[in-house]
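**Student:** Take a look at this one; I'll ask things after.
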Amino acid sequence: MKSRSVPLWLKISYTLWLAVWVAVYWSAYGPENFLWLCDVANVVVGLAIWLESPLLFSSQAVGVLVIQAIWIIDVCSRLVIGSHLIGGTEYMFDPEKSLTLRGLSLFHVFVPILLLWAIRRLGYDRRGWRLQTALLWILLPVTYLVTDPDLNINWLWRPFGIPQTVMPELVYLGVEMLAVPLVLFLPTHAALAWWTRRDTPPT
């Protein structure tokens, strides 16, 4: 019978990596940086691994799989054609940033793999997109209230690096709070539900 649990070696390895990542990122970027959706996902995944929670794994998969894919595409485009197709990963090629710091950012590559593996192993919880939406609706207002706009965390001021001047900031905040779940979370939820349809009971 196939085991459905998360191996202990993976729990310990991820936890050790997470501790190093938090320490290095905190020192380099400060606490505000941990409000990025992808950075929040790293912490939630750490909790999900120990709880072996399909709900937590599913919520983070819905929240970051597409974002991580965009990150990978942008890095690869810079490596292959010498320019960024989308933008947002320029820091990976900044010689002023240490190789250690940039290397730790490769979580954008292995965390999606881990999420897909966990969902295949533990099952997909279709409530995940709702939990992730609730988390987003907390995260974005907090980001708006406590972070420096120059940091552009969660692209609240410069989506895709382009200054947002079309609407007032608070209106744009509301638009992003509605658009991200509809444009990002729901399609990913539908794709994951289809991918795991044989293993996931209807809810």
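Here is a yes/no grid of residues against (1) in contact with a helix residue (DSSP H, G or I) (Cβ under 6 Å, 6 or more places away or on another chain); (2) surrounded by 16 or more Cβ atoms within 10 Å (Cβ to Cβ):
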{"site": "Leu101", "(1), (2)": "yes, yes"}
{"site": "Leu114", "(1), (2)": "no, yes"}
{"site": "Leu131", "(1), (2)": "yes, yes"}
{"site": "Leu145", "(1), (2)": "no, no"}
{"site": "Thr165", "(1), (2)": "no, no"}
{"site": "Thr188", "(1), (2)": "yes, yes"}
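**Student:** Across the range 142-169, what is the number of residues that are in contact (Cβ under 8 Å) with a residue 24 or more places away in the chain and over 21 Å from the mean Cα position of the chain (by Cα)?
**Tutor:** 1
**Student:** Among the residues of the range 80-98, are any part of a helix (DSSP H, G or I) and touching a residue at least 60 places away in the same chain (Cβ under 8 Å)?
**Tutor:** no
**Student:** Looking for something free of Cβ contacts under 8 Å to residues at least 12 places away in the same chain, over 15 Å from the mean Cα position of the chain (by Cα) and part of a helix (DSSP H, G or I) - is there at least one such residue anywhere in the range 30-37?
**Tutor:** yes
**Student:** Within the range 2-41, can you find the residues that are surrounded by fewer than 15 Cβ atoms within 10 Å (Cβ to Cβ) and β-branched (Val, Ile, Thr)?
**Tutor:** Across the range 2-41, the qualifying residues are Ile12, Thr15, Val20.
**Student:** From the list Trp50, Trp71, pick out the single residue that is surrounded by 16 or more Cβ atoms within 10 Å (Cβ to Cβ) and either in a helix (DSSP H, G or I) or without any contact (Cβ under 8 Å) to a residue 60 or more places away in the chain (or both).
**Tutor:** Trp71
**Student:** Do you know which residues across the range 1-29 are aliphatic (A, V, I, L, M), farther than 20 Å from Arg102 by Cβ and either part of a helix (DSSP H, G or I) or in contact with a Pro (Cβ under 9 Å, 6 or more places away or on another chain) (or both)?
**Tutor:** Answer for the range 1-29, where residues must be aliphatic (A, V, I, L, M), farther than 20 Å from Arg102 by Cβ and either part of a helix (DSSP H, G or I) or in contact with a Pro (Cβ under 9 Å, 6 or more places away or on another chain) (or both): Leu8, Leu10, Ile12.
**Student:** Please find, among Arg120, Arg126, the residue that is surrounded by 17 or more Cβ atoms within 10 Å (Cβ to Cβ) and closer than 27 Å to Tyr14 by Cβ.
**Tutor:** After ruling out the rest, the residue left standing is Arg126.
**Student:** Check off (1) surrounded by 15 or more Cβ atoms within 10 Å (Cβ to Cβ); (2) more than 15 Å from the chain's Cα centre (by Cα); (3) of a type in the set (Val, Ile, Thr); (4) at pLDDT below 95 for Ile81 and give me the number that stays unchecked.
**Tutor:** Evaluating Ile81 over (1) surrounded by 15 or more Cβ atoms within 10 Å (Cβ to Cβ); (2) more than 15 Å from the chain's Cα centre (by Cα); (3) of a type in the set (Val, Ile, Thr); (4) at pLDDT below 95 leaves (1) as the failure.
**Student:** Out of (1) modelled with pLDDT under 95; (2) in contact with a helix residue (DSSP H, G or I) (Cβ under 7 Å, 6 or more places away or on another chain); (3) of a type in the set (D, E, K, R), the odd one out for Asp150 is which?
**Tutor:** (2)
The values are calculated or read from the model by the stated rules, or taken from the named source; none is laboratory data. All values derive from a computational prediction rather than experimental measurement. Cβ coordinates were reconstructed from backbone atoms using ideal geometry, including for glycine residues, and neighbour counts include every protein chain displayed.
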